[in-house]
1. Residues that are modelled with pLDDT of 80 or more, surrounded by 17 or more Cβ atoms within 10 Å (Cβ to Cβ) and farther than 28 Å from F141 by Cα: does the stretch 41-60 have at least one?
2. Between a first residue in the stretch 242-255 that is over 25 Å from V36 (Cα atoms) and a second residue that is of a type outside the set (S, T, N, Q) and assigned to a helix (DSSP H, G or I), which pairs have beta carbons less than 8 Å apart while being 6 or more apart in sequence or on different chains?
3. Of all residues in the stretch 1-24, count the ones that are at pLDDT 80 or above and either among the acidic types (D, E) or open to solvent by 60 Å² or more (accessible area, probe 1.4 Å) (or both).
4. Kindly list, by first and then second residue, each pair from a residue in the stretch 1-22 that is more than 20 Å from R139 (Cα to Cα) to a residue that is among the polar types (S, T, N, Q) and modelled with pLDDT of 75 or more, limited to pairs with Cβ atoms under 6 Å and residues at least 6 apart or on different chains.
5. Is it true that some residue in the stretch 181-190 is of a type in the set (D, E, K, R), under 22 Å from I14 (Cα atoms) and at pLDDT 75 or above?
6. Taking the criterion of being more than 30 Å from S201 (Cβ to Cβ), assigned to a helix (DSSP H, G or I), in contact with a helix residue (DSSP H, G or I) (Cβ under 6 Å, 6 or more places away or on another chain) and not hydrophobic (A, V, I, L, M, F, W, C), would at least one residue in the stretch 163-172 satisfy it?
7. Just a yes or no: is a residue in the stretch 98-115 open to solvent by 40 Å² or more (accessible area, probe 1.4 Å), at positive phi and modelled with pLDDT under 75?
8. For the stretch 136-146, does any single residue satisfy the condition of being modelled with pLDDT under 80 and either open to solvent by less than 60 Å² (accessible area, probe 1.4 Å) or on the phi < 0 side of the Ramachandran plot (or both)?
Amino acid sequence: MYRTGSFIRGESFIYRLDPRLKLAVTVLLSLLIFQVEQPLVFASGIGLFLLAMASGIRLRTIGESIRPVLFFIVLIFLSHLLFSDDKRSMMTIPFLGIAFSSAGLKQGILVVGQFLCLIVGAVLLTMTTAPSQIIAALRYFLKPFKKLRLPVDDVAVMVALALRLMPLLLMEKERIDAARKARGFCLRRQSVAGRMNSFLSLISKMLLGIFRKADDIALAMEARSYRRGGRSSFVELKFSSADYVVLVFLAIFLVIFVALNSHFG
């Protein structure tokens with residue numbers, strides 16, 4: 001079972017790309033996706049899913065990465081659907097009496113599409129790029145900030161630890177849920193107050209578990225004589241011919257993308 005933030009080993013084309021290129025494309029996507037029109041959002045989503053399939057990543061794996069945030073996706077969609085400022089073209093759901101506008105429906109679909117594009121883009125980055133490569137790419141892009149006395153190496157390590165603790169947090173939740181089920185706990189039989197107490201108990205146990213994992217990681221780093229500051233790395237950052245080809249293709253695609261967005265806008 002895949003857990004969000006985990007790295008999956010593979011040999012496809014995207015795995016061999018330079019991590020700096022993949023990180024820059026992911027950041028650029030996150031900046032552009034909120035500026036484009038609805039048709040291009042859907043086109044970007046389809047392109048990301050096709051890229052994932054071409055990389056050997058199954059749709060089921062992407063679905064497992066989206067599942068932890070599915071509640072927030074539904075909440076975002078309903079907030080735009082039911083609380084839109086545009087009251088024109090109102091429609092009512094039969095038998096429920098819930099009214100919504102077509103503008104709110106359109107905006108909800110657009111925001112959910114943008115959110116899904118961001119998630120799939122970030123998942124592709126973490127799935128196809130080893131944590132050590134992400135650290136090396138971050139250090140490269142943050143290198144100019146050393147002149148401002150920013151601890152670049154420490155920031156890169158903190159980001160890597162955050163990526164590492166994310167799947168551990170999900171594993172801790174699954175472990176607690178399995179222990180509860182083994183003891184006959186059933187959330188559906190609980191009252192509203194019981195469900196709230198169960199949720200607070202789950203959060204406290206997850207935090208205790210993840211703090212314990214963080215303490216173990218700190219002890220392991222100390223046992224390996226980790227020290228703050230600049231460190232050597234086995235990761236060699238070097239653009240290949242494939243990276244240059246992808247870079248040229250992305251530049252052409254960006255020009256076409258901006259032109260199409262101006263046309264639809």
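The values are calculated or read from the model by the stated rules, or taken from the named source; none is laboratory data. All of these numbers come straight from a predicted model, not from anything done at the bench. Neighbour counts run over all protein chains shown; Cβ positions are idealised from the backbone, glycine included. In case anyone asks, the SASA skips ligands and DNA or RNA and just uses the protein heavy atoms, side chains included. Shrake-Rupley method; radii C 1.70, N 1.55, O 1.52, S 1.80 Å.
1. Checking the stretch 41-60: not a single residue is modelled with pLDDT of 80 or more, surrounded by 17 or more Cβ atoms within 10 Å (Cβ to Cβ) and farther than 28 Å from F141 by Cα.
2. A242/F13; A242/R16; D243/L21
3. Restricting attention to the stretch 1-24, the residues satisfying the condition of being at pLDDT 80 or above are 13-24.
Narrowing further to those that are either among the acidic types (D, E) or open to solvent by 60 Å² or more (accessible area, probe 1.4 Å) (or both): 13, 16, 18.
Of the residues in that region, 3 qualify.
4. Y2/T61; T4/S65; S12/S55; I14/S55; I14/T128
5. The first filter runs over the stretch 181-190 and keeps only residues of a type in the set (D, E, K, R), leaving 181, 183, 188-189.
Among the residues that remain, those that are also under 22 Å from I14 (Cα atoms) are: none.
Checked the stretch 181-190: no residue is of a type in the set (D, E, K, R), under 22 Å from I14 (Cα atoms) and at pLDDT 75 or above.
6. Filtering the stretch 163-172 down to residues more than 30 Å from S201 (Cβ to Cβ) leaves none.
Checking the stretch 163-172: not a single residue is more than 30 Å from S201 (Cβ to Cβ), assigned to a helix (DSSP H, G or I), in contact with a helix residue (DSSP H, G or I) (Cβ under 6 Å, 6 or more places away or on another chain) and not hydrophobic (A, V, I, L, M, F, W, C).
7. Initial filter on the stretch 98-115 (open to solvent by 40 Å² or more (accessible area, probe 1.4 Å)): 98-99, 102, 105-107, 109, 115.
From the residues that got through so far, the ones that are at positive phi too are none.
Looking through the stretch 98-115, none of the residues is open to solvent by 40 Å² or more (accessible area, probe 1.4 Å), at positive phi and modelled with pLDDT under 75.
8. Of all residues in the stretch 136-146, those modelled with pLDDT under 80 come to 146.
So of that shortlist, the ones also either open to solvent by less than 60 Å² (accessible area, probe 1.4 Å) or on the phi < 0 side of the Ramachandran plot (or both) come out as 146.
Scanning the stretch 136-146, I find at least one residue that is modelled with pLDDT under 80 and either open to solvent by less than 60 Å² (accessible area, probe 1.4 Å) or on the phi < 0 side of the Ramachandran plot (or both), so the answer is yes.
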